[in-house]
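The values are calculated or read from the model by the stated rules, or taken from the named source; none is laboratory data. Only a predicted model underlies this, so the values are computations on that prediction, with no experimental measurement involved. Here the Cβ is made from the backbone with ideal geometry for all residues, glycine too, and neighbour counts use every protein chain on show.
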Amino acid sequence: MMDRIMKVLPQDVVIYIFLKLPVKFLLRFKCTCKTFCNIINSSTFIHLHIHCSNDELIIFKHSIKQEDDDLFKNILSFLSSEENCFDFKAVSPDFDVPEVTTTSACTFVQVIGPCNGLIAITDSFATILFNPTTRHYRSIPACPFGIPKRYRRSSSGIGFGYDSIQNDYKFIRISEVYEDYMDKDMKVDIFDLSTDYWRELNGQQVPLVFWTSCSEILYNNPCHWFASTDDTIILCFEMNTEEFYHLELPESCHWYDGKSDGLIIVNNCLSYIRYPDPLSDRPAEVLIDIWIMKEYNKRESWIKRCSIGPITIDTPLAVWKGDLLLLQTVTTQIGSRLAPTLTLLCERTNQSKP
């Protein structure tokens, strides 16, 4: 029947209609007929949809332990909900993340993006570029550069973004190279998707990058991580110029106050979340603070949006529809509206830890 419709409607009209549809409907249309599947999978349509889509899906990452060994395979679920509703439902079948299988659940498996509708999924060893709309993915080859004998290397930061000048997607890997654990050098490698090659980035001093949950984030063009100098800073990498710079945190926030750090996007602003360390003695007595940088790269523009709690969480996850903060606990999923005077909590039972 669908193929008969295509004989009546010109293909450009069908494409125009499809561009107006959210991803969850495109995934369904792919299964209706071969013609629709070919259109939606075409590089032309993917490019058009990436630049005009306003979809908001939650990509929910969780781990399942395999029965025959101690490895965990990582699963992506695609969730959505109606406006002002906490009832998240799957909009398409789960996706078994290929080549990203770890021994430590999904704690260190990161989802970076979205960038023009694409996301990067990475752990300490493997990285894939994934298109949630088409379910197509591309494995990024391992970095070929070695290190001197007796030295060790540890990846501390991975980023993904788009170079609008070169019209190319790039991956950046920041590594610690050391012989003595107390004396480390930082090494930076860049992968260009168009050439399918890694290259070394030299000539720039990079501070020590440290990983926490919800700490690797792409905002506009630059990638962001936490790094350590005399105090904690936000390290930034500009994809177009391939240069590093840093943002200072609010003056009242310091690493020694016993809180954990995360980066989120609230109402299109880079935001900083400070939440109680779940390993501390009394995490339930500490508030979660949300800071928003109203003007990017201006320290004086940090404002404290709100404080939430006290509640005990493991880590923040993401912000849904601009102001709904999703948090992770061991047994519950919590949603909280980021309103200065109102905090609304909604709990969900979770079968698997995200």
Inset, instruction - Determine the pairs where a residue that is closer than 14 Å to H246 by Cα, located within segment 294-307, has a partner that is of a type outside the set (S, T, Y) with Cβ atoms under 7 Å apart, the partner being 6 or more residues away or on another chain. - result: Y296/L270; N297/L247; R299/E248
Legend entry - Scan of segment 12-40 for residues that are out of contact with any strand residue (DSSP E or B) (no Cβ under 7 Å at 6 or more places or on another chain), outside any loop (DSSP other than H, G, I, E, B), under 20 Å from S77 (Cβ atoms) and among the basic types (K, R), ordered by number: R28
Legend entry - Matching residues, segment 50-73, being assigned to a loop (DSSP other than H, G, I, E, B), surrounded by fewer than 18 Cβ atoms within 10 Å (Cβ to Cβ), modelled with pLDDT under 65 and of a type outside the set (D, E, K, R): N54
Inset, instruction - Go through (1) more than 30 Å from E200 (Cβ to Cβ); (2) surrounded by fewer than 18 Cβ atoms within 10 Å (Cβ to Cβ); (3) modelled with pLDDT of 80 or more and name the single condition L76 misses. - result: (2)
Inset, instruction - Within segment 98-119, work out how many residues are modelled with pLDDT of 75 or more and either in contact with a Phe, Trp or Tyr (Cβ under 8 Å, 6 or more places away or on another chain) or part of a strand (DSSP E or B) (or both). - result: 9
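Across segment 154-165, what is the total count of residues that are farther than 20 Å from S215 by Cβ and surrounded by 14 or more Cβ atoms within 10 Å (Cβ to Cβ)? Can you show your working first?
Residues of segment 154-165 that are farther than 20 Å from S215 by Cβ, as a first pass: 162-165.
Narrowing further to those that are surrounded by 14 or more Cβ atoms within 10 Å (Cβ to Cβ): 162-163.
Of the residues in segment 154-165, 2 are farther than 20 Å from S215 by Cβ and surrounded by 14 or more Cβ atoms within 10 Å (Cβ to Cβ).
Can you tell me which residues in segment 127-137 are under 17 Å from R173 (Cα atoms) and free of Cβ contacts under 8 Å to residues at least 40 places away in the same chain?
I128 - this is the single residue of segment 127-137 that is under 17 Å from R173 (Cα atoms) and free of Cβ contacts under 8 Å to residues at least 40 places away in the same chain.
If you take the residues of segment 168-194 that are outside any strand (DSSP E or B) and touching a residue at least 12 places away in the same chain (Cβ under 8 Å), which of them is nearest to the chain's Cα centre (by Cα)? Before you say what the answer is, go through the steps one by one.
So in segment 168-194, the residues outside any strand (DSSP E or B) come out as 181-182, 193-194.
Pick out the ones that are also touching a residue at least 12 places away in the same chain (Cβ under 8 Å) and you get 193-194.
Details: L193: 19, S194: 22 Å.
Looking at the filtered set, the residue picked out is L193.
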Legend entry - Subset of segment 178-199 (residues that are loosely packed, with under 13 Cβ neighbours inside 10 Å, closer than 17 Å to D168 by Cα and among the acidic types (D, E)): D196
Inset, instruction - State which residue is modelled with the highest pLDDT when the search covers only segment 231-266 and only residues that are hydroxyl-bearing (S, T, Y) and assigned to a loop (DSSP other than H, G, I, E, B). - result: T241
